[in-house]
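Visitor: One structure coming up, written as structure tokens, with questions to follow.
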Amino acid sequence: MAGGVIRVLVVDDSAFVRKVIAQLLRKSPFIEVVGTARDGSEALELTERLKPDVITLDLVMAPMDGVAFLRQQMPKHPVPVVICSVAHETGEMALDAFDAGAVEFVQKPTALATDKLLEIGDELVAKVKTAASVRMSALRPETPPPSPVQTGTAQHAGTATEAARTSILVIGVSTGGPQALRRLIPQLPADFAVPVAIVLHMPVGYTELFAQRLNEISTLRVVEAGEGNVVEPGTVLLAPAGRHLTFVRGADGVVCTHLDVRPIDTQHRPAVDVLFRSAAKVYGDGVVAVVMTGMGSDGLAGAQQIKASGGRVITEAESSCVVYGMPRAIDEAGLTDVSAPLERLPSVILDML
């Protein structure tokens, strides 16, 4: 980034959309649009020539679509990419794009009138700025998931007291999250002793598909959380985009999920803070929380409540974070019990159990 200005290449098959997105980005004094491309093949040429800091990328294009572009570009020269596409048309493609190395997503409106496109301006600028700060070396696109960590060894044997009081594992993650979760969750063994609940900042329309994909490569059952799911070992619950995930303990002692759009004053929905606070309220000192890669400080207030209730907090180390934002907030507040890079998180989690 020359002089702190983010150089952006805009890729979209619509001349109208290219024009509007370029106008939206140019409203920021920190962004310079250095070029536009009509499809993936033109984007490959311009990326080689212009060397942009960030690319905004449509997915549905011909002759080369956005996913094909990523699969060719990322192995030779990784560039932070913000997907800008229509959700209901590109669900599977968007997940393929994350697998191939995309780092952020902005949902393009279905009605491409200028006023509709203008509505995404602030979000687009914010996510381009986020993308410009990512460490692409921490992304490992489309690597096969590792085998589960083995349990029952001295290396992973926690104390009986710890095991007895651990009731749930809660995870918060944002930018770089799809790739990080694909490396973490498949390593949790089939006999993992407690339920798992996750908040991943992801646009509406993708969490169910992502849960299905994660389920295919994991020994644990991974599902998008619904209303009233029983929270039990063997199951990983992924909060649905657009609704907060919380817990309710019934008179019979059984804990079930509750989904709600409230509170409405959070920056994200679902919010890590809402999940963590609810876990602390329902499970007390039985909570182990993990805060992973992501921009901002979502999870900080929730981690404070978990610690106040006697629970424990693990953070992903800066060395493996795509964006060292959410874990940094926890670390700097002195709330971290253990910090570890992504490849060691499964072992650290099992140690705490």
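Visitor: Looking at the structure I just gave you, is Thr207 closer than 30 Å to Lys108 by Cα, hydroxyl-bearing (Ser, Thr, Tyr) and modelled with pLDDT of 95 or more? Walk me through how you get there before you give the answer.
Guide: Details: closer than 30 Å to Lys108 by Cα: yes; hydroxyl-bearing (Ser, Thr, Tyr): yes; modelled with pLDDT of 95 or more: no.
No.
Visitor: Name every residue in segment 261-278 that is at pLDDT 95 or above and in a loop (DSSP other than H, G, I, E, B), in order of residue number. Outline the logic, then answer.
Guide: Step one: of segment 261-278, the residues at pLDDT 95 or above are 270-278.
If the condition is that a residue be at pLDDT 95 or above and in a loop (DSSP other than H, G, I, E, B), then Pro270, Ala271 are the ones that fit.
Visitor: Does at least one position in segment 137-159 carry a residue that is out of contact with any Pro (no Cβ under 9 Å at 6 or more places or on another chain), within 17 Å of Pro78 (Cα to Cα), acidic (Asp, Glu) and modelled with pLDDT under 65?
Guide: yes
Visitor: Hey, another quick one. Just name the residue that is nearest to Ala333 (Cα to Cα) out of those in segment 291-311 that are in contact with a helix residue (DSSP H, G or I) (Cβ under 7 Å, 6 or more places away or on another chain) and outside any loop (DSSP other than H, G, I, E, B).
Guide: My answer is Leu300.
Visitor: Can I ask one more? With the structure loaded, tell me whether Val125 is hydrophobic (A, V, I, L, M, F, W, C), in contact with a Ser or Thr (Cβ under 8 Å, 6 or more places away or on another chain), part of a helix (DSSP H, G or I) and modelled with pLDDT of 85 or more or whether it fails that test.
Guide: Details: hydrophobic (A, V, I, L, M, F, W, C): yes; in contact with a Ser or Thr (Cβ under 8 Å, 6 or more places away or on another chain): yes; part of a helix (DSSP H, G or I): yes; modelled with pLDDT of 85 or more: yes.
Answer is yes for this residue.
Visitor: Just checking, how many residues over segment 223-243 are buried (at least 23 other Cβ atoms within 10 Å of the Cβ) and not in a loop (DSSP other than H, G, I, E, B)?
Guide: Counting residues in segment 223-243 that are buried (at least 23 other Cβ atoms within 10 Å of the Cβ) and not in a loop (DSSP other than H, G, I, E, B) gives 3.
Visitor: Follow-up question, since we're still on this one. Take the conditions touching a strand residue (DSSP E or B) at 6+ places or on another chain (Cβ under 8 Å) and assigned by TED's automatic domain parsing to the domain that holds Ile168 and apply them to Ile306. Does it pass? If you could, list the steps in order and put the result at the bottom.
Guide: On the way: touching a strand residue (DSSP E or B) at 6+ places or on another chain (Cβ under 8 Å): yes; assigned by TED's automatic domain parsing to the domain that holds Ile168: yes.
Criteria met by Ile306.
Visitor: Determine the pairs where a residue that is farther than 17 Å from Pro203 by Cβ and surrounded by fewer than 17 Cβ atoms within 10 Å (Cβ to Cβ), located within segment 111-132, has a partner that is of a type in the set (Phe, Trp, Tyr) and at pLDDT below 75 with Cβ atoms under 8 Å apart, the partner being 6 or more residues away or on another chain.
Guide: none
Visitor: Also: Does segment 280-302 include one or more residues that are under 19 Å from Leu353 (Cβ atoms), over 19 Å from the mean Cα position of the chain (by Cα) and acidic (Asp, Glu)?
Guide: Yes, segment 280-302 has at least one match.
Visitor: When segment 239-272 is examined, which residues are found to be over 14 Å from Gly299 (Cα atoms) and charged (D, E, K, R)?
Guide: Arg243, Arg249, Asp252, Asp260, Arg262, Asp265
Visitor: Could you tell me which residue of segment 164-222 is nearest to Arg269 (Cα to Cα), considering only residues that are of a type in the set (Gly, Ala, Ser) and outside any loop (DSSP other than H, G, I, E, B)? Working first, answer last.
Guide: Here is the first cut: in segment 164-222, the ones of a type in the set (Gly, Ala, Ser) are 164, 167, 172, 174, 176-177, 180, 190, 193, 197, 205, 211, 218.
Okay, now just the ones that are also outside any loop (DSSP other than H, G, I, E, B), so 164, 172, 177, 180, 197, 211.
Numbers: Ala164: 32, Gly172: 12, Gly177: 15, Ala180: 20, Ala197: 15, Ala211: 17 Å.
Among those residues, the one meeting the criterion is Gly172.
Visitor: Are any residues in segment 83-108 among the β-branched types (Val, Ile, Thr), at pLDDT 85 or above and part of a loop (DSSP other than H, G, I, E, B), and if so, which ones?
Guide: Val103
Visitor: Among the numbered criteria (1) at negative phi; (2) in contact with a strand residue (DSSP E or B) (Cβ under 9 Å, 6 or more places away or on another chain); (3) of a type outside the set (Asp, Glu), which single criterion is violated by Gly294?
Guide: (1)
Visitor: If you don't mind, there's one more thing I want to ask. Is it true that Val274 is closer than 29 Å to Val149 by Cα, touching a residue at least 24 places away in the same chain (Cβ under 8 Å), β-branched (Val, Ile, Thr) and surrounded by 17 or more Cβ atoms within 10 Å (Cβ to Cβ)?
Guide: Details: closer than 29 Å to Val149 by Cα: no; touching a residue at least 24 places away in the same chain (Cβ under 8 Å): yes; β-branched (Val, Ile, Thr): yes; surrounded by 17 or more Cβ atoms within 10 Å (Cβ to Cβ): yes.
No: the conditions fail for Val274.
Visitor: Right, here's the next one. Among the residues of segment 318-351, count how many are among the small types (Gly, Ala, Ser) and crowded, with 18+ Cβ neighbours inside 10 Å. Spell out how you get there, then give the answer.
Guide: Narrowing segment 318-351 to residues among the small types (Gly, Ala, Ser): 319-320, 325, 329, 333-334, 339-340, 347.
Narrowing the set further to residues that are crowded, with 18+ Cβ neighbours inside 10 Å leaves 320, 325, 329, 339-340.
Qualifying residue count for the region: 5.
The values are calculated or read from the model by the stated rules, or taken from the named source; none is laboratory data. Keep in mind the model is a prediction, meaning the values are calculated, not measured. Backbone-built Cβ (ideal geometry, glycine too); neighbour counts: all protein chains shown.
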